[in-house]
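Undergrad: Starting off with a structure, shown below.
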Amino acid sequence: MIELINVSKRFGDATAVDDISLTIESGEFCVLVGTSGCGKSTTLRMINRLLPHSDGRIRIDGEEIYQIDEQKLRRRIGYAIQSTGLFPHWSVERNISVVPRLLGWPAAKIDARIRELLALLDLPYEEFAGKFPSQLSGGQAQRVGVARALAGDPDILLMDEPFGALDPITRESLQNELLRIQSQIHKTIVFVTHDMDEALKLATRIVVMDKGKIVQQDTPQQLLRHPASEFVESLLGGQERGLKQAGLLRSGDLMQLTDDMIDGDGPSLQATDSIRVALSLMLTHHCRSLPVLDQQGNQIGVLHLDQLLEPAP
Amino acid sequence: MSLVRRIMHQGFMPLFWLALLLSAALGLHQLETLFQWIQPDTRAVIYSRDSFLSLLLNHLSIVGIAALVSIVIGVGAAIAVSRPWGRDFLPLVSQVASIGQTFPPVAVLALSVPLFGFGAVPTMFALILYGLLPIVRNTLVGLRGIDSSVLEAARGVGMSSVQVLLQVELPLAMNVILAGIRTSVTINIATAAIGSTIGASTLGDPVISGLVNGNTAYVLQGAILIGLLAVTVDSLFERLQNSFSVMEDRLIK
Amino acid sequence: MKSTLPVNRVLLVLVLLALASLWGLDYASVQPNRIVPGAGQSLMSALGWPWASVLTLLLVICACTPVRSSRALLYQLMIVVLLILQLPLSLGWFIERHIDPALPYARAGIGAGFWVLLFLLGLMLIEIKQRIRLHAGWSLVIWLLILAVILISVPWLEPLALMREYQTRSQQFAQALRSHLALVGGAVGFSLVSGFILALLLNRYPAARKSCFGVLSFIQTIPSLALFGLLIAPLSYLSANSPLLQQLNVRGIGWAPALLALIAYSLLPMVRNTFIALHEVSADVLESARGMGMSPRQVFMQVRLPLALPIIIEGVRITTIQAIGLTAVAALIGAGGFGTFIFQGLGQAAMDLILLGALPIIVLALLADAFFSAAADRFKPGVKG
């Protein structure tokens with residue numbers, strides 16, 4: 001658990017973070033979102049003491065971070081950044097082993113950990129372990145960055161716009177990877193982004209920041225339903241908010257269970273597809289209902305246009 | 001303080017060094033008492049085989065002629081190998097320009113004696129040969145450093161290849177080329193001084209003569225003049241480069 | 001634009017130049033003794049028609065190998081290496097034909113044709129090596145081969161004027177090598193350490209950067225002869241007034257002013273490269289090193305220094321090459337080294353003595369260049385080691 005209590009950060013006369021309080025429970029995926037300069041990165045970097053905070057208290061699992069040796073603290077917290085910050089003079093393997101080495105793990109344990117992480121991030125060991133950062137694509141480098149952040153098996157993972165520099169397709173696949181990994185390892189993740197779609201997709205809780213203050217914190221659904229201010233609403237895309245909301249609801253949750261078979265040749269939905277996808281298909285194919293299939297391709301229900309308009313369960 | 005800075009900014013430094021150089025060349029012999037103090041047991045304490053002014057002019061003309069030839073050949077060669085018809089020679093020329101700088105200038109100077117005998121000619125040859133390298137190298141770097149979209153735009157608006165070269169490529173590369181010329185001339189002023197060991201009459205003469213005869217006063221007179229000459233020319237180049245960057249700034253704005 | 005000729009135009013030009021100089025200039029010369037100027041010998045008379053025609057033929061084949069064939073470069077490389085290997089042997093053959101062993105003072109001079117051929121073959125080697133991906137091992141083999149042939153032919157080359165000059169001065173030659181290396185090593189070593197410290201200080205105190213680099217580049221502007229000369233007066237004054245300095249053999253001329261001037265010249269490239277190297281390590285990499293929990297010491301030793309190393313080595317390379325050349329000038333103020341032979345040779349108008357001084361200086365500079373370039377490559381980040 002991470003607690004920030006009345007925390008401020010000033011650079012000279014400028015206040016970057018202004019008296020914020022925030023509690024992040026263990027296992028939460030907390031996304032700090034806001035425009036550039038809103039203090040989200042500064043907040044993140046205060047948690048691992050890359051920046052000292054000017055006022056207030058920051059606790060990790062009840063322990064004041066200033067009581068902990070700064071290097072020991074950082075070795076307990078995974079850290080990944082947009083430019084990856086991979087060490088260009090070291091191989092992928094050596095890069096991942098940085099924190100385990102600093103922690104003094106035995107060689108066999110480090111080796112096993114590297115293999116485990118490369119497998120987890122879908123980077124075949126034989127192909128990637130010996131490569132150097134300059135030989136990796138942007139997406140691969142970022143995977144290695146995430147692997148390196150996870151290497152010391154930290155309870156907490158801090159990620160500063162890790163996918164910000166990637167193309168949309170790579171970014172989406174890495175977001176999916178991260179969700180998959182999180183479902184296996186259940187870390188406490190604090191993730192900074194300026195991309196609201198990314199926040200909505202990843203977060204269990206979104207913290208919206210503006211001018212150094214927290215303007216709203218809530219689950220993605222609640223945020224979409226009840227934006228606290230015009231600023232939050234505009235971050236949520238203004239008039240497109242409905243579509244974003246639709247993106248969070250799954251067809252399987254809204255469909256009607258039915259035996260009423262629809263011809264298999266037409267368009268169809270997976271149960272895991274969002275109703276945003278459903279809406280798009282209906283618009284494309286000019287139809288009012290679509291069959292919903294399970295993973296094996298068997299029809300398990302039907303989704304009608306009318307159902308999309310009902311309030312969410 | 002601000003006044004001093006402003007004067008220095010307006011190109012006062014080259015003038016200052018030039019005045020110092022000229023007054024040294026014309027007035028060093030007035031300081032006979034001083035040199036007598038440095039070299040007490042010698043009668044002749046002022047170098048007098050040639051006047052300092054004529055040595056200075058000789059030194060300058062050797063360096064100047066060599067620099068002119070190096071610039072014409074060097075810039076020309078670099079332009080030639082960066083045209084489509086000369087591109088085959090580009091790798092060789094750029095390699096030679098960088099490997100060549102490994103050769104110590106004294107060695108080049110010494111090796112031109114077996115070829116040309118003694119005097120100003122072998123000195124000039126060595127200066128030209130060695131002076132070419134930084135010029136070729138910097139011209140190549142300058143030409144290659146130009147954003148290809150700029151060249152495309154120049155061709156796109158209908159400039160001929162000569163117009164592209166004269167109006168776009170050379171002006172944009174000028175600062176880097178100038179830096180190369182500056183390096184070349186700096187090295188050449190030093191090498192020309194050593195040229196007096198192979199019979200060229202330069203400001204190195206008093207130094208060499210002083211070293212041979214154990215006359216520190218001679219050495220000092222030569223050294224002061226050589227040093228002042230180098231610093232004067234260097235400050236002139238600095239001024240020139242500054243005015244070019246100012247021009248570039250204006251162009252950008 | 002593609003070349004319309006089916007052959008490599010660069011090699012063609014180089015070969016034509018080589019042929020012209022081979023047939024137009026003297027290949028070697030014969031001197032009855034050290035004083036009498038030598039009589040030049042053309043290629044034909046120096047080596048005889050079989051050797052001359054094989055040489056010519058090889059050059060022509062090298063130029064005419066069509067570039068289309070994939071192995072052309074390999075053949076051309078082999079021919080050029082072969083031509084280089086024959087150079088010392090051809091001198092041996094020339095001596096065999098023209099120097100009468102019964103005349104102990106007769107000596108063979110190397111002609112302009114030989115030197116130009118050597119130079120052009122060097123250019124051909126550079127040209128070919130740029131276009132061919134040669135394994136580092138093969139480069140080494142080529143160099144070892146060349147070295148081996150030179151060593152093998154040494155006994156035959158004794159009547160060579162250069163060798164004669166060497167033999168009468170083998171002691172001085174060894175001494176010159178020692179003092180040259182000592183001056184270069186001392187200057188580079190000292191400036192490496194002090195340059196490193198200075199660069200660290202500049203990294204910490206940005207206010208001092210401008211004035212520090214200003215002073216160092218001002219020194220760099222002053223010609224070597226002037227700086228050596230300017231140091232004589234103060235050093236002889238100090239030495240005259242300090243018995244300790246006299247004991248250390250610090251005088252107005254000799255090693256002391258030479259070393260001082262060399263260090264002064266070495267500081268600029270050393271400080272500049274070290275400063276840039278340490279300063280320009282990416283801030284993101286440093287931040288993530290801190291973020292991983294490295295101590296400041298670990299960040300410096302494991303990340304900053306290794307990443308800066310290639311550029312620091314590049315600084316050492318520039319400094320060393322510069323110092324090798326400047327040490328030659330320092331011979332004028334009695335500091336010893338190979339420059340001594342150059343200036344003695346100039347004084348006596350003895351061309352081969354000049355060569356005896358100039359060639360080792362060039363070889364030293366090229367060796368330093370090769371060694372430090374390889375070292376810098378070795379430490380480049382992100383290359384499979």
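The values are calculated or read from the model by the stated rules, or taken from the named source; none is laboratory data. Computed from a predicted structure; not experimentally measured. Here the Cβ is made from the backbone with ideal geometry for all residues, glycine too, and neighbour counts use every protein chain on show.
Undergrad: Only one of B:160, B:196 is of a type in the set (S, T, N, Q) and at pLDDT 90 or above; which?
TA: Only one candidate qualifies: B:196.
Undergrad: Has the range B:235-251 got at least one residue that is touching a Ser or Thr at 6+ places or on another chain (Cβ under 6 Å) and assigned to a helix (DSSP H, G or I)?
TA: no
Undergrad: While we're here: Mind checking which residues of the range C:342-353 are facing another protein chain (nearest Cβ under 9 Å) and under 17 Å from residue B:208 (Cβ atoms)?
TA: C:342, C:343, C:345, C:346, C:347, C:349
Undergrad: Against the conditions (1) under 15 Å from the mean Cα position of the chain (by Cα); (2) within 30 Å of residue C:233 (Cβ to Cβ), where does residue C:317 fall short? Just the number, please.
TA: (2)
Undergrad: Among (1) aromatic (Phe, Trp, Tyr); (2) more than 10 Å from chain B (Cβ to nearest Cβ); (3) touching a Leu at 6+ places or on another chain (Cβ under 8 Å), there is one condition residue C:338 misses while meeting the rest; what is its number?
TA: Answer for residue C:338: the failing condition is (2).
Undergrad: Let me ask something else. Tell me which helices (runs of 4 or more DSSP H) are completely within the range B:1-93 and hold 1 or more residues being modelled with pLDDT of 85 or more and surrounded by fewer than 18 Cβ atoms within 10 Å (Cβ to Cβ), or say none if there are none.
TA: It comes to B:13-27, B:52-81.
Undergrad: Separate question: Is there any pair with a first residue in the range C:72-93 that is assigned by TED's automatic domain parsing to the domain that holds residue C:120 and a second that is in a helix (DSSP H, G or I) and of a type in the set (S, T, N, Q) whose Cβ atoms are under 6 Å apart and which are 6 or more apart or on different chains, and what are they?
TA: Partner pairs satisfying both residue conditions: C:88/C:153; C:89/C:153; C:92/C:153.
Undergrad: Moving on. Out of all the residues in the range C:204-225, which are more than 12 Å from chain B (Cβ to nearest Cβ) and under 28 Å from residue B:191 (Cα atoms)?
TA: Result: C:211, C:212, C:213, C:215, C:216.
Undergrad: Can you say whether residue A:11 is crowded, with 19+ Cβ neighbours inside 10 Å and over 23 Å from residue A:202 (Cβ atoms), as far as the supplied structure shows?
TA: Answer is no for this residue.
Undergrad: OK, next. From the list C:278, C:267, C:286, pick out the single residue that is under 18 Å from residue C:224 (Cα atoms) and either over 37 Å from the mean Cα position of the chain (by Cα) or at pLDDT 85 or above (or both).
TA: So the residue among C:278, C:267, C:286 that is under 18 Å from residue C:224 (Cα atoms) and either over 37 Å from the mean Cα position of the chain (by Cα) or at pLDDT 85 or above (or both) is C:267.
Undergrad: For the structure I just gave you, tell me whether residue A:290 is hydrophobic (A, V, I, L, M, F, W, C) and surrounded by 11 or more Cβ atoms within 10 Å (Cβ to Cβ).
TA: Spelling it out, residue A:290 is indeed hydrophobic (A, V, I, L, M, F, W, C) and surrounded by 11 or more Cβ atoms within 10 Å (Cβ to Cβ).
Undergrad: Report those helices (runs of 4 or more DSSP H) wholly inside the range A:34-123 carrying at least 2 residues which are facing chain C (nearest Cβ under 10 Å) and free of Cβ contacts under 8 Å to residues at least 24 places away in the same chain.
TA: Correct list: A:70-76.
Undergrad: Can I ask one more? Does the range C:203-212 contain any residue that is outside any helix (DSSP H, G or I) and assigned by TED's automatic domain parsing to the domain that holds residue C:357?
TA: Yes, some residue in the range C:203-212 is outside any helix (DSSP H, G or I) and assigned by TED's automatic domain parsing to the domain that holds residue C:357.
Undergrad: Name the one entry in A:239, A:222 that is at pLDDT 85 or above, within 23 Å of residue A:201 (Cα to Cα) and assigned by TED's automatic domain parsing to the domain that holds residue A:197.
TA: A:222
Undergrad: When you look at residue B:125, is it aromatic (Phe, Trp, Tyr), in contact (Cβ under 8 Å) with a residue 40 or more places away in the chain and closer than 30 Å to residue B:193 by Cβ, yes or no?
TA: Here the answer is no, as residue B:125 does not meet what is asked.
Undergrad: So for the range A:177-194 (the condition being assigned to a helix (DSSP H, G or I), buried (at least 19 other Cβ atoms within 10 Å of the Cβ) and without any contact (Cβ under 8 Å) to a residue 60 or more places away in the chain), does at least one residue qualify?
TA: yes
Undergrad: For residues in the range B:193-218 being of a type in the set (Val, Ile, Thr) and within 19 Å of the chain's Cα centre (by Cα), which is farthest from the other protein chains (Cβ to nearest Cβ)?
TA: Per the stated criteria, the residue is B:202.
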